1. Name all residues of region 29-53 having a backbone nitrogen under 14 Å from the label point set 7 Å from the Cα of residue 63 along its Cα→Cβ direction, giving them as ranges.
2. Taking the Cα atoms only, what angle lies between the long axis of helix 278-287 and the longest principal axis of the chain, rounded to 10 degrees?
3. Taking other Cβ within 10 Å of each residue's Cβ, how do 325, 5 sort, fewest first?
4. Using only Cα atoms, locate the centre of region 279-307 and the centre of region 146-209, then give the distance between them in Å, rounded to an integer.
5. In nm, give the distance between the simple-model label positions of residue 93 and residue 54, each being 7 Å from the Cα along the Cα-to-Cβ direction.
6. Please give the helix 123-139 orientation as an angle from the longest Cα principal axis of the chain, in degrees from 0 to 90, rounded to the nearest 10.
7. Residues of region 130-153 with the amide nitrogen closer than 19 Å to a label point 7 Å from the Cα of residue 415, along Cα-to-Cβ, please.
8. Order these peptides, 405-415, 314-324, 389-399, by their mean beta-carbon neighbour count within 10 angstrom, highest first.
Ligand code: NIG
Ligand code: FE
């Protein structure tokens, strides 16, 4: 049955060309006041001024839902490490006592300290835990998220993580796109030999993940003490040859060359970008690589430096925003918090931040042709917020104003705000 979401005070459609938005186009929200959205069979059939949408032939018989407030395309969180067995509270205590990322790693914390519990956790428990976490994302208006492996760092446990993502996706309406991040760090059994470990990943893990269709994307952490730009480029090229789409963690802690290596390998996005210079930005522009910024992790790490969003946007590189939800550097699933940090610490405008969290997030997942905008033919993924003006979503912080979330035309979260009118 068709559903008509009506009475919307402000609808941001992000209607426009089917491409990631760059430069001034990031500020075009497609705002409609007193709006309605008509959905049928999981897709949007009409969206725009209430009066016009109500005249659509399907609108008469549609179930009417008084939605109110601000409506956006559901958030597309294009970068998460949402599969992990345990929080890293020891790291947290060390950090509050003044230790840096590198000092925590040297003391046995960091990424590698997550692998023990992940290796021990049965796949079913892992999937159950992820499905429960998915609820938290849905409550904040996220309708799609990318999920990385990367805390197993062995054939069995990396594949277990990816299989758990698949299994969890059957238990929740949240759409999840899996990424193989076996190149997240060097596990202890390889004794710091990143070349030997990457050979193992390339020979053993990559082909298996591909043949079992367990991942859409491949990712690597390019940073001093992890993997070099040369390794990054060669690994991503090989993964692309096998059919995975490359992504890269780059320029997070230093300017090291990962962004250029990723761009040279055709990366769909280069993520973090805290320490990018002009030549890295130019490489992204030339390769059509999206800059996925994760400023909630900078906030959590207490860093003074944030990604240079203005420089990146002004250079014409599309910017996406994501949570980076993970146990070490960003235990936050709320995209509304990311909007706040992007505006207050990266000088992004509310319009740019909202574009980056929706339509450009969808393009960072190669899914912008069906997600991230409220246009006929797109998936009916919507988030409704208790606000009179969309800028409030970037202005209030710390909580989520999301009241209702809709995935493929179905209400999947409702904080008791909806009034279903039924047939009229
Ligand atoms: O995006 N930098 C690498 N990966 C994560 C950190 C993951 C962790 O610390 O567990 C990130 O910040
Ligand atoms: Fe990350």
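Each reported figure results from applying straightforward, stated rules to the coordinates on display, with no laboratory input. These numbers come from a predicted model, not from an experiment. All Cβ positions, glycine included, derive from the backbone under ideal geometry; neighbour counts span all protein chains shown.
1. Hits in region 29-53 for residue 63 at 14 Å: 39-43.
2. 60
3. Values: 325 28, 5 31.
Exposure proxy ranking, most exposed first: 325, 5.
4. Using only Cα atoms, the two centres lie 23 Å from each other.
5. 6.1
6. Relative to the chain, helix 123-139 is tipped by roughly 40 degrees.
7. Flagged as within label range: 133-144.
8. The peptides rank, most packed first, as 314-324, 405-415, 389-399.
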